[in-house]
Amino acid sequence: MSLVEVILLAVGLSMDAFAVSVCKGLAIPKINFKTMAICGAWFGGFQFLMPMIGYLLGAGFTGYITSITPWIAFVLLSLIGGNMIKESLSKEEEKANDSLGVKIMFTMAIATSIDALATGLIFVNQGNLIYFAALIIALGSFIFTFIGCIIGLKVGQKLHFNFELLGGIILILLGIKIFIEHYLSLK
């Protein structure tokens, strides 16, 4: 996986955290650097941890999944991306919550990073790339969380762009690219 692909993966996986952080920015009347750092640490930390866990779980089965890794990447990224698209098109409004308590932040961090757990499997046959990829994914989530908090605070509900939809599309396209590249390399 190239650097560009890792960055695109990070952007796609960051969109859930971004969307939630926009809601945080809307809900917290006086958001400041400390608040943004707390949100960024929760989301970025879990976005680092979850691919590592997925990788470690998948590494135990590396002999069995080596030949089907492109299929795994394609299916997982398509499912994750498709779910993000489905959620983004849902008519249900997510309630903005201004709490930064451990219970709320832990739940939101898990919810926004569960897809990163599955993507850890993609890196099983890629050597130590998982460490770099998890760091880039975490950094991307941290940065997008800051941006989301600021947008939520400054722009509020005037901005009607569906970032979760964009993230889902990016993940699906990345899965298709990995799948096609693998089968083109076999010829």
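The values are calculated or read from the model by the stated rules, or taken from the named source; none is laboratory data. All figures in this text were calculated on a predicted structure; none of them were measured in a lab. Methodologically, a virtual Cβ is constructed for each residue, glycine included, from the backbone with ideal geometry; neighbour enumeration extends over all protein chains shown. For the accessible areas, the whole protein counts, side chains as well, though only heavy atoms, and no ligand, DNA or RNA atoms are used. Shrake-Rupley method; radii C 1.70, N 1.55, O 1.52, S 1.80 Å.
Filter segment 1-10 down to residues that are aliphatic (A, V, I, L, M) and open to solvent by less than 40 Å² (accessible area, probe 1.4 Å) and give me whichever is nearest to Leu77 (Cα to Cα).
Top of the filtered list is Leu9.
Looking for whichever is polar (S, T, N, Q) and modelled with pLDDT of 80 or more here; the options are Thr66, Thr35. Which one fits?
Thr35
So the check is Cβ under 9 Å with 6+ separation or different chains; which pairs have a first residue in segment 108-133 that's at negative phi and a second one that's open to solvent by less than 20 Å² (accessible area, probe 1.4 Å) and basic (Lys, Arg)?
Pairs found: Met108/Lys24.
Considering only segment 85-109, state which residues are within 24 Å of Leu166 (Cβ to Cβ), basic (Lys, Arg) and at pLDDT 70 or above.
Within segment 85-109, Lys86, Lys91 qualify.
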